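> Here's a structure for you.
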Amino acid sequence: MSRAGGRRPPTVSRPAAVDRPRPGARSADSPPPIFELPPELAIDTGVARRVIAGFIRSQLRQAGFERAVLGLSGGIDSALVAHLVVEAIGAERLLCVLMPYRTSSPESRADGEAVVRALGCPSEVVDISPMVDAFFGRDGVPGAAGQDGLAASAVRRGNLMARQRMAVLYDRSVTWGGLVAGTGNKTETLIGYTTLWGDSACAFAPIGDLYKSQVRQLAVAVGMPEAILRKAPSADLWPGQTDETEAGFSYPDLDRLLFWMIDRRRADDELVALGFEPAAIARVQAMVAGSEFKRQMPPIAKLGPRTTGVDYLYPRRRPGSARR
């Protein structure tokens, strides 16, 4: 996708540089700002933290759980969710599971371990390499997928890794006795940058209504380590993979476009007037529309008088739904 916002008129604010406050003037040798925050996406982080903490507690209480488990990748999304869950229920009730593959970045694991140390929560490491290699094969020896598996693309391998990680988390959900906390953000969900039954699977999603730029703002507010704040967002599915390089977008630009397109419901001509390129608008619209199936429960062929998900509908908090 070509970068949106290349023709912003003076009436549209440019993304603001965000950094931690430092006394005195910034010198020429000062590090660059941590990230750019589009002004229209700025949020009250104090309110956001209180709302999300209440949401986490209510989801656990309604389902009859007191604990949570999440996959900690060393990236900003999972690190932020870990911080928010700890704020809501305490470090002793959160299990963080690090699930590297043999080609995963060592820095990712180190960053994840740094988060665990800072929060003081229980954690464990589960190497998913034997699971993935057993399917695709390794070193010329076929796995369960047969000869075809040896030639599997990076995307195909990455999707299986994401699903293996979620399988591990749901197993640990049983042994730990906690709900799986999702780590996906609004940007990824809208454009379909998720793996069904992989990173998109969870019991509740604390940051699911925050764009990536807002995730970064909230991460600064909770005191996230600067190494995590500054590193390029990546699912770490293969060596050198980054979100923005793979998909060809800049998060600040993409977030602005999604904000005006989805939250503010602007028409195409209005988006162009805001400075977005027509080609970028068309591409993002196609991504949002094409990934709608990822955001909904599977459709059911209606045969009976009352069909689950169609006309047999109850809220999650229906009486008697909590575990005993």
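> What distance in nm separates the two pseudo spin-label positions at residue 296 and residue 264, each 7 Å out from Cα along the beta-carbon direction?
Placing both labels 7 Å beyond Cα along the Cβ direction yields 2.8 nm.
> Next up: Restricting to DSSP H runs of at least four residues, report the calculated mean residue ellipticity at 222 nm for the chain, -39500 (n - 2.57) per run over all residues, nearest 500 deg cm²/dmol.
Details: 13 runs with 135 residues, N = 324.
Only helices count here, giving -12500 deg cm²/dmol.
> In nm, to one decimal, how far is the modelled label at residue 113 from the one at residue 230, with both set 7 Å along Cα→Cβ?
Spacing of the two 7 Å Cα→Cβ label points: 2.1 nm.
> Also, I was wondering about something else. How much of the DSSP bridge set in segment 41-247 is antiparallel, in percent, rounded to the nearest 5? List each step's numbers first, then the result.
Numbers: 2 of 13 bridges.
Bridges in segment 41-247 are about 15 percent antiparallel.
> Hey, another quick one. Roughly what % of Cα-Cα distances in the chain sit above 26 Å, to the whole percent? Each step should come with its number before you reach the end.
Values: 27917 of 52326 pairs.
Counting every Cα pair in the chain, those more than 26 Å apart make up 53 percent.
> Sort 151-164, 174-187 by packing, meaning the average of other beta carbons within 10 Å per residue, with the highest value first. Before the final figure, lay out each step's value.
Numbers: 151-164: 17.5, 174-187: 20.6.
Answer by packing, highest mean first, reads 174-187, 151-164.
> Follow-up. Check residue 210: other-chain or 5+ apart residues with amide H under 5 Å from its amide H, H built from backbone geometry?
When sequence neighbours closer than 5 places are left aside, the close amide H contacts are 186.
> Tell me which residues come under 5 Å, amide H to amide H, from residue 69 once H is placed; ignore anything under 5 positions away on its chain.
Counting only residues 5 or more places away or on other chains, the set is 95, 179, 180, 181.
> Each residue of segment 208-224 in turn: what ³J(HN,Hα) in whole Hz from Karplus with 6.51, -1.76, 1.60 and θ = phi - 60°, glycine and Pro shown as x?
Result, ordered by residue: x, 10, 10, 5, 4, 4, 6, 4, 5, 4, 5, 5, 5, 5, 8, x, 4 Hz.
> Find the lysine pairs in the chain meeting two conditions, Cα atoms under 25 Å apart and a separation of 8 or more places or different chains, and report how many there are. Don't skip to the answer; put the middle values down first.
Working: 186/212; 186/231; 186/294; 212/231; 212/294; 294/302.
Close lysine pairs under the 25 Å cut-off: 6.
> Using amide H atoms built in the peptide plane, which far-off residues or other-chain residues are under 5 Å from residue 123 H to H?
96
> Beta carbons within 10 angstrom, averaged per residue: use that to sort the peptides 57-65, 212-220, highest first.
On the way: 57-65: 16.1, 212-220: 23.6.
Output ranking for 57-65, 212-220: 212-220, 57-65.
> Using 0.36 nm per residue of separation minus the Cα-Cα distance, give me the extension gain between residue 321 and residue 127 in nm, one decimal. Intermediate results must be reported in sequence, preceding the final value.
Working: separation 194, 0.36 × 194 = 69.84 nm, distance 3.51 nm.
Answer, rounded to one decimal: 66.3 nm.
> Under the Karplus relation 6.51 cos²θ - 1.76 cosθ + 1.60, θ = phi - 60°, what is the ordered set of whole-Hz ³J(HN,Hα) values for segment 102-117, x standing for Gly and Pro?
Using θ = phi - 60°, the values come out as 4, 9, 5, 5, x, 5, 4, 5, 4, 5, x, 5, 5, 5, 4, 5 Hz.
> Take segment 52-126, compute every pairwise Cα distance, and split them into 10 Å bins from 0; I just need the percent in each bin.
Going out from 0 Å in 10 Å bins, segment 52-126 shows 21, 51, 23, 5 percent.
> Just to be sure I understand the model, the point goes 7 Å from the Cα along the line to the Cβ. What's the resulting residue 170 to residue 272 distance in nm?
Placing both labels 7 Å beyond Cα along the Cβ direction yields 4.6 nm.
> While we're on this one: When the convex hull of the C-alpha atoms of segment 129-213 is computed, what volume per residue in Å³ does it have?
Numbers: hull volume 9.2 nm³, N = 85.
Hull volume normalised by residue count: 108 Å³.
> May I ask you to evaluate 6.51 cos²θ - 1.76 cosθ + 1.60, the Karplus curve with θ = phi - 60°, for each residue of segment 129-137 and list the ³J(HN,Hα) values in order in whole Hz, giving x for glycine and proline?
Karplus values, whole Hz, x for Gly and Pro: 4, x, 5, 5, 5, 5, 8, 7, x.
Read-outs: derived from the displayed coordinates by stated rules, not from any lab. A quick note: this is a predicted structure, and the numbers were derived from the prediction, not measured. Cβ atoms come from the backbone with ideal geometry, glycine included; neighbour counts cover every protein chain shown.
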